[in-house]
1. Inspect all residues belonging to the range 43-55 and state whether any of them is under 24 Å from the mean Cα position of the chain (by Cα) and among the hydrophobic types (A, V, I, L, M, F, W, C).
2. Filter the range 51-92 down to residues that are among the β-branched types (Val, Ile, Thr) and in a loop (DSSP other than H, G, I, E, B) and give me whichever is surrounded by the fewest Cβ atoms within 10 Å (Cβ to Cβ).
3. Among residues belonging to the range 145-159 that are in a loop (DSSP other than H, G, I, E, B) and touching a residue at least 24 places away in the same chain (Cβ under 8 Å), point out the one that is most open to solvent (accessible area, probe 1.4 Å).
4. Could you count how many residues in the range 120-144 are modelled with pLDDT of 95 or more and not in a strand (DSSP E or B)?
5. Looking at Asp17 and the list (1) farther than 19 Å from Ser110 by Cβ; (2) open to solvent by less than 80 Å² (accessible area, probe 1.4 Å), which single condition is not satisfied?
6. Any residue at all in the range 27-40 that's farther than 24 Å from Thr153 by Cα, open to solvent by 70 Å² or more (accessible area, probe 1.4 Å), among the aromatic types (Phe, Trp, Tyr) and assigned to a strand (DSSP E or B)?
7. Picking from Arg60, Arg82, Arg29, Arg92, which residue would you name as being among the basic types (Lys, Arg) and within 18 Å of the chain's Cα centre (by Cα)?
8. Residues of the range 93-133 being open to solvent by less than 70 Å² (accessible area, probe 1.4 Å), among the aliphatic types (A, V, I, L, M) and closer than 30 Å to Tyr59 by Cα, which ones?
Amino acid sequence: GVPGTVPASETKGLEFDGAYTGIKNVTLRFAGAYTNAVYKEFTNSAQPAESGYTGAPAYRDVTGQTLPGVSKWTFNVGGDYRVPVSDQHDVRASFNTAYNTRYNSDVALSNFGWIGASGITDLALGVGKRDGSYDVSLIVKNAFKNHAPLAATWNSYTPAVPRWFGLSISGKL
């Protein structure tokens, strides 16, 4: 079936973010959010695929259920460590970890659409001039090979972000 038009949904939540710079050459960043996003009224949602051949009516009431693609909790933690190696240059190491709790990725809220809680970490090591005129960094995305898919339904699958390595060169003229 095709999802119907949603008459009413509601999203409430709380977000926080901050940084700590009380350690020499270190910056720590943190952020998080609690999200409660539900259908306030949705009485004509399509049946999920697993109900399609059971004789169930074409539509169902999902009022009060969490919207697809929404994790209740998300967190992000990162840090940078800079070491002066000359009067104009720094070497930098950084990391960032993003975490989310489970969510349903299917618009019909199928039992096959659940994506488990997961976290993904990116790393970087670089050197650059303090004035920002250039920076060269080796980057590793998904450093620990998180395999959690981005989306899944009974007949489709969006795989995890692959681990990859890259070189970033930036500067200003």
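1. Residues of the range 43-55 under 24 Å from the mean Cα position of the chain (by Cα): none.
No, because not a single residue in the range 43-55 is under 24 Å from the mean Cα position of the chain (by Cα) and among the hydrophobic types (A, V, I, L, M, F, W, C).
2. Thr54
3. First, the residues of the range 145-159 that are in a loop (DSSP other than H, G, I, E, B): 145-150, 153-156, 159.
Filter once more, keeping what is touching a residue at least 24 places away in the same chain (Cβ under 8 Å): 146, 148-150, 153-155.
Working: Asn146: 34, Ala148: 28, Pro149: 31, Leu150: 87, Thr153: 33, Trp154: 161, Asn155: 103 Å².
The residue in question is Trp154.
4. Count: 3.
5. Failed condition: (2).
6. Yes, that holds for at least one residue.
7. Working: Arg60 fails: within 18 Å of the chain's Cα centre (by Cα); Arg82 fails: within 18 Å of the chain's Cα centre (by Cα); Arg92 fails: within 18 Å of the chain's Cα centre (by Cα).
The conditions single out Arg29.
8. Keep residues of the range 93-133 that are open to solvent by less than 70 Å² (accessible area, probe 1.4 Å), which gives 93-94, 96-98, 100-101, 103-106, 108-110, 113, 115-124, 126-129, 132-133.
Subset that is among the aliphatic types (A, V, I, L, M): 93, 98, 108-109, 115, 117, 120, 123-124, 127.
Once the filter is applied, which keeps residues that are open to solvent by less than 70 Å² (accessible area, probe 1.4 Å), among the aliphatic types (A, V, I, L, M) and closer than 30 Å to Tyr59 by Cα, the range 93-133 yields Ala108, Leu109, Ile115, Ala117.
The values are calculated or read from the model by the stated rules, or taken from the named source; none is laboratory data. Only a predicted model underlies this, so the values are computations on that prediction, with no experimental measurement involved. Glycine also receives a Cβ, built like all others from the backbone with ideal geometry; neighbour counts cover every protein chain displayed. In case anyone asks, the SASA skips ligands and DNA or RNA and just uses the protein heavy atoms, side chains included. Shrake-Rupley method; radii C 1.70, N 1.55, O 1.52, S 1.80 Å.
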